[in-house]
Amino acid sequence: MSIEEKKRKRILTGDRPTGPLHLGHYVGSLLNRVKLQKEYETFIIVADVQTLSTNFDHPEHLPVDVRQVTLDNLSVGLDPEMVNIFIQSMVPQIAELTVFFSMFITVNRLRHNPTIKTEASQHGFEENMTYGFLGYPVSQAADILFCRSDLVPVGEDQLPVVEVSRFTARRFNELYGNVFPEPEGLSGETARLVGLDGQAKMSKSLGNCIYLSDSSEAIRKKLMSAVTDPARIHKDDPGHPEICTIFSYQKAFNRDESLDIEERCRKGTIGCVACKKRIFEVIDKILEPVRERRLKFEKPGLIEDILRKGTEAACIEGDKTMQLVREAMHTDYFDRSNR
Ligand code: TRP
């Protein structure tokens, strides 16, 4: 093979640009991205094509949302000198790989995928889903494999989709020859963050989020009106932290203090208002540097420059991978005739 072996292990992960990122993204995936950016060569995909798997009728939102998601990634501390942030639709090799992979991934494997099933029911697509929606895990396998990535930091709900990428890599290698590493999924220490309503996970479509771009005041309001343990009417009633949304945030963001808070809640020696004030302070402190970085990156043209550079780097890697793929699949017709 004419292409030199890559030296450092790689990460590929990313987000659909459908709106601002929230604390669920932060604990599920963003923290790992930041922590690992020095150790791994990192590619962050802004998955605009994947957004169209549900929002194909609203492409006009993409330009704003692509910027927003890029800014969110930068604001948590990803260093644009170190990582490549790029736009999915501008890397044609991803589209090419999607077509090749779709020849050998069966419809049944996609139909039975737990993430696809859950998301289809959330969107009311059970009876009538598009080819692109059903196939988004195949396209996501191409997102991950176009740069021969080794590790994929994602929220827990995405692990079954990463499983399709692992299968795709194995199957491709078996059918055509060894081109792809089998990428591993990695989810954060807090696997799933409860939404402010306490009902489900934090999710934009459920409107129960604290966004990374929320102001201090907005976060204070959201936390102070969150539902806690309904059994606590007076502040010295004994509480049940295991069913309390605010306590789950204490565990996720204020681990050191959370044991003490748990004990005091059970005994009724800390009230919900005091507990909420404390978690507000903690979360606000985490988001303060995030807000500062956001301001720095909001300069006109800067996001575009970062995306342009990242997209160029991604296309270079995509080319290298496609050479290997074409050789393995016997579709390097013109190079072949010279050998
Ligand atoms: N499906 C992911 C989400 O909804 C976004 C995504 C697209 C992604 N391509 C990816 C994540 C590749 C990891 C790797 O959040």
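Applying the condition of being more than 21 Å from Leu21 (Cα to Cα), assigned to a helix (DSSP H, G or I) and open to solvent by less than 20 Å² (accessible area, probe 1.4 Å) to region 74-95 and asking which residue is farthest from the ligand (Cβ to nearest atom) yields Gln93. Within the option set Tyr131, Tyr136, being out of contact with any strand residue (DSSP E or B) (no Cβ under 9 Å at 6 or more places or on another chain) and either in contact (Cβ under 8 Å) with a residue 40 or more places away in the chain or surrounded by 14 or more Cβ atoms within 10 Å (Cβ to Cβ) (or both) holds for one residue only, Tyr136. Restricting attention to region 5-25, does a residue exist that is charged (D, E, K, R), more than 13 Å from the ligand (Cβ to nearest atom) and surrounded by 17 or more Cβ atoms within 10 Å (Cβ to Cβ)? Checked against the condition, which is being charged (D, E, K, R), more than 13 Å from the ligand (Cβ to nearest atom) and surrounded by 17 or more Cβ atoms within 10 Å (Cβ to Cβ), region 5-25 yields no hits at all.
Does Ile116 satisfy the criteria of being surrounded by 20 or more Cβ atoms within 10 Å (Cβ to Cβ) and more than 15 Å from Gln140 (Cβ to Cβ)? Step through it out loud before you land on a result.
On the way: surrounded by 20 or more Cβ atoms within 10 Å (Cβ to Cβ): yes; more than 15 Å from Gln140 (Cβ to Cβ): no.
Judged against the criteria, Ile116 is not a match.
Against the conditions (1) in a helix (DSSP H, G or I); (2) within 16 Å of the ligand (Cβ to nearest atom); (3) farther than 19 Å from Ile94 by Cα; (4) free of Cβ contacts under 8 Å to residues at least 40 places away in the same chain, Glu174 satisfies every one except (2).
Take Thr115 and decide whether it is within 11 Å of the ligand (Cβ to nearest atom), part of a helix (DSSP H, G or I), β-branched (Val, Ile, Thr) and closer than 30 Å to Val34 by Cα. Outline the logic, then answer.
Working: within 11 Å of the ligand (Cβ to nearest atom): yes; part of a helix (DSSP H, G or I): yes; β-branched (Val, Ile, Thr): yes; closer than 30 Å to Val34 by Cα: yes.
So Thr115 fits the description; yes.
With touching a strand residue (DSSP E or B) at 6+ places or on another chain (Cβ under 8 Å), of a type outside the set (A, V, I, L, M, F, W, C) and open to solvent by 30 Å² or more (accessible area, probe 1.4 Å) as the only criterion, which of Lys296, Lys309 stands out? Lay out the reasoning, then the answer.
Working: Lys296 fails: touching a strand residue (DSSP E or B) at 6+ places or on another chain (Cβ under 8 Å).
Unique residue meeting the criteria: Lys309.
Among the residues of region 97-112, those identified as within 16 Å of the ligand (Cβ to nearest atom) and either touching a Pro at 6+ places or on another chain (Cβ under 6 Å) or not hydroxyl-bearing (Ser, Thr, Tyr) (or both) are Leu97, Phe101, Ile105, Leu110. Screening Ile270 on (1) in a helix (DSSP H, G or I); (2) surrounded by 14 or more Cβ atoms within 10 Å (Cβ to Cβ); (3) aliphatic (A, V, I, L, M) shows it passes everything except condition (1).
The values are calculated or read from the model by the stated rules, or taken from the named source; none is laboratory data. Since we're looking at a predicted model, the values are computed, not measured. With ideal geometry, Cβ positions are generated from the backbone for all residues, glycine too; neighbour counts draw on all protein chains shown. To get the accessible areas, we keep the full protein, side chains included, count just its heavy atoms, and leave off ligands, DNA and RNA. Shrake-Rupley method; radii C 1.70, N 1.55, O 1.52, S 1.80 Å.
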